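Down below is the structure, laid out as structure tokens.
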Amino acid sequence: MRALRVAVVGGGISGLAAAHRLRQLLGPSAEITVFEQAERLGGKLRTVEVAGRAYDVGAEAFLHRRPEAADLIAEVGLADQVAHPTKASSSIHADGDTRPIPSHTLMGVPASVEAVRQVLSGEGLRRVAAEPDLPPIRLDGADVAVGALLTERFGPEVGQRLVGPLLGGVYAGRTDVLGLRATMPQLACALDSGVGSLMAAAATVMPAPPQPRATRPPVFGTLRDGLSTLVTRLAEVSRPDIRLGLPVRALIRRGQDWRLEIGSAAAPRHLDVDGVVLAVPAPASRKLLADVVPAASRRYAEVELASMALVALALPPGTELPDRSGVLLAEGEKAADGVPFTAKAFTFSSRKWAHLAGEPVLVRGSVGRHGETYLLQRDDEDLVAAVRHDLHQLTGITAEPIDTVVTRWGGGLPQYGVGHLDLVKGIEDAVADVPGLAVAGATLHGVGIPACIATADAAAARVAAHVLSRVR
């Protein structure tokens, strides 16, 4: 009997996690091929050397409270590599001032007036205090733009000074585009249950405060030698045939089997397999599904994308960073010299992560929200200069970097707009009708590492079940 053959299209965390799970489900003799159009694996997990230190210039952490990433890391033998942030708190720069992020909020939505007293104006506080007395919110199952709901209930300040910077940090998006149900599902569920006030809904879903002297579980985690360590280990344990720099040009369904057309249009090659996991961004998924699952392809075409750039700075030893983990910047803020800020966030990595403390001093500046591609059209030198200007204006730091790395993520972040959950259901329902095919990735159920791994596990299980059922 010939070996089982499966292809994974996409060599990011979703594709590699799927390859790992397929290896477990199909056994050592299965032929698993991973195709990655780029010349490297990992997608948005990328660790590079900055002034001699391993430093993440894509995703820098995973949500530890979701189990998928921590469980996978332990499963492949990297649990001793896990590190958690220090106790340094983060901050937001809005209305010309930098303040700590209020603790008693849900992604910036206040659970009480006191939580935002140091952040909002007197008028902003009055609007928050009056919100529970407004007519109850009735979504009736519909989705709504986060920004529109916040403005209607709280006025402009909560969205501009709190929720906007926080969601911008996660999605590189804007509140007037992002949908409530995909970005704040807990809040939407509370409103669906009959809680009529946004402030009351936030209070309902906020985790209970820790007991006195109890240890608060960590929110985030990372790997001390960089998240590319996980990429390397997954490739080792799943033992796929990895083909880099090879685009998959087409998927062709042949009865219960699949043919992949690979390489150049002038001289394409083909691979016949029993099943396919598609773990690529929305534009590539749209193209590959256009003929075989047109309904899913049309849905993928509706997903908008944001581009961004990450500027890594290695500052000289002795450079004094603020005593916080980083700062998020509200949209439209200007520096004291009147120049609009280019960066949307800074991470003071040598403060945030104990394993990155010491020499050199490491800082990352993030540039680019949805619709701000013009900011990314500068060359690397100009982008570094703009980020250094912003860092100086925010912190007073003028030190010349001893090393810089600019990493650009074109179309790197899908935008979870109004109706995103319905869009994803349409994709998954259409693909479910096609045997031997499954989809995974950040477009579906979350842009974070744990959410991507969850989609990979589900996709691998679906394809493995199809392949094994045919053998049986």
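The values are calculated or read from the model by the stated rules, or taken from the named source; none is laboratory data. These figures come from a predicted structure and were not determined experimentally. Cβ atoms come from the backbone with ideal geometry, glycine included; neighbour counts cover every protein chain shown.
Taken over the stretch 328-339, residues that are exposed (fewer than 12 other Cβ atoms within 10 Å of the Cβ) and more than 15 Å from Thr395 (Cβ to Cβ) amount to 3. Where in the stretch 110-218 are there helices (runs of 4 or more DSSP H), lying wholly inside it, with at least 3 residues that are within 20 Å of Arg66 (Cβ to Cβ) and out of contact with any strand residue (DSSP E or B) (no Cβ under 9 Å at 6 or more places or on another chain)? Once the helices (runs of 4 or more DSSP H) in the stretch 110-218 are filtered for at least 3 residues that are within 20 Å of Arg66 (Cβ to Cβ) and out of contact with any strand residue (DSSP E or B) (no Cβ under 9 Å at 6 or more places or on another chain), what remains is 185-192.
Of the helices (runs of 4 or more DSSP H) that lie entirely inside the stretch 378-460, those containing 2 or more residues that are within 14 Å of the chain's Cα centre (by Cα), more than 24 Å from Val48 (Cβ to Cβ) and not assigned by TED's automatic domain parsing to the domain that holds Thr175 span 442-445. Among residues of the stretch 1-37 being over 18 Å from Gly441 (Cβ atoms) and in contact with a helix residue (DSSP H, G or I) (Cβ under 6 Å, 6 or more places away or on another chain), the one that is surrounded by the most Cβ atoms within 10 Å (Cβ to Cβ) is Leu26.
The residues of the stretch 321-343 that are closer than 22 Å to Leu120 by Cα, among the hydrophobic types (A, V, I, L, M, F, W, C) and assigned to a loop (DSSP other than H, G, I, E, B), listed by number, are Ala330, Ala335, Ala336, Phe341.
Taking the listed residues Arg161, Arg181, the one that is under 21 Å from Gly417 (Cα atoms), within 21 Å of the chain's Cα centre (by Cα) and buried (at least 20 other Cβ atoms within 10 Å of the Cβ) is Arg181, with no other qualifying. Among the residues making up the stretch 231-245, those that are surrounded by fewer than 17 Cβ atoms within 10 Å (Cβ to Cβ) and either of a type in the set (Lys, Arg) or within 30 Å of Ala266 (Cβ to Cβ) (or both) are Arg239, Asp241, Leu244, Gly245.
Given the criteria aliphatic (A, V, I, L, M) and in a helix (DSSP H, G or I), does Leu72 qualify? Working first, answer last.
Details: aliphatic (A, V, I, L, M): yes; in a helix (DSSP H, G or I): yes.
Here the answer is yes, as Leu72 does meet what is asked.
Among the residues examined, Ser325 qualifies as assigned by TED's automatic domain parsing to the domain that holds Val387, modelled with pLDDT of 95 or more and buried (at least 16 other Cβ atoms within 10 Å of the Cβ).
Checked against (1) of a type in the set (S, T, N, Q); (2) within 19 Å of the chain's Cα centre (by Cα); (3) surrounded by fewer than 22 Cβ atoms within 10 Å (Cβ to Cβ), Thr347 passes all but condition (3). Within the stretch 223-246, being assigned to a loop (DSSP other than H, G, I, E, B) and acidic (Asp, Glu) holds for one residue alone: Asp225.
Has the stretch 299-313 got at least one residue that is over 21 Å from Val447 (Cα atoms) and either of a type outside the set (Phe, Trp, Tyr) or assigned to a loop (DSSP other than H, G, I, E, B) (or both)? Scanning the stretch 299-313 turns up at least one residue that is over 21 Å from Val447 (Cα atoms) and either of a type outside the set (Phe, Trp, Tyr) or assigned to a loop (DSSP other than H, G, I, E, B) (or both).
Restricting the stretch 369-397 to residues that are surrounded by 20 or more Cβ atoms within 10 Å (Cβ to Cβ) and among the basic types (Lys, Arg) leaves a set whose member that is nearest to Arg408 (Cα to Cα) is Arg369.
For the stretch 399-413, indicate whether the set of residues that are out of contact with any strand residue (DSSP E or B) (no Cβ under 7 Å at 6 or more places or on another chain) and surrounded by 18 or more Cβ atoms within 10 Å (Cβ to Cβ) is non-empty. No, because not a single residue in the stretch 399-413 is out of contact with any strand residue (DSSP E or B) (no Cβ under 7 Å at 6 or more places or on another chain) and surrounded by 18 or more Cβ atoms within 10 Å (Cβ to Cβ).
Number of residues in the stretch 64-112 that are within 15 Å of Cys452 (Cα to Cα), buried (at least 17 other Cβ atoms within 10 Å of the Cβ) and modelled with pLDDT under 95: the value is 1. Pairs linking a residue in the stretch 434-446 that is over 16 Å from Asp422 (Cα atoms) and free of Cβ contacts under 8 Å to residues at least 12 places away in the same chain to a residue that is buried (at least 24 other Cβ atoms within 10 Å of the Cβ) and not aliphatic (A, V, I, L, M), with Cβ atoms under 9 Å and 6 or more positions apart or on different chains, do not occur.
The single condition among (1) of a type in the set (Gly, Ala, Ser); (2) over 30 Å from Pro316 (Cα atoms); (3) outside any helix (DSSP H, G or I) that Gly58 does not meet is (2). For the stretch 172-198, a residue qualifies if it is in contact (Cβ under 8 Å) with a residue 60 or more places away in the chain and either touching a Ser or Thr at 6+ places or on another chain (Cβ under 7 Å) or at positive phi (or both), and exactly one does: Ala172. The residue list Val8, Val48, Val34 contains one member that is closer than 18 Å to Arg408 by Cα and at pLDDT 95 or above, which is Val48.
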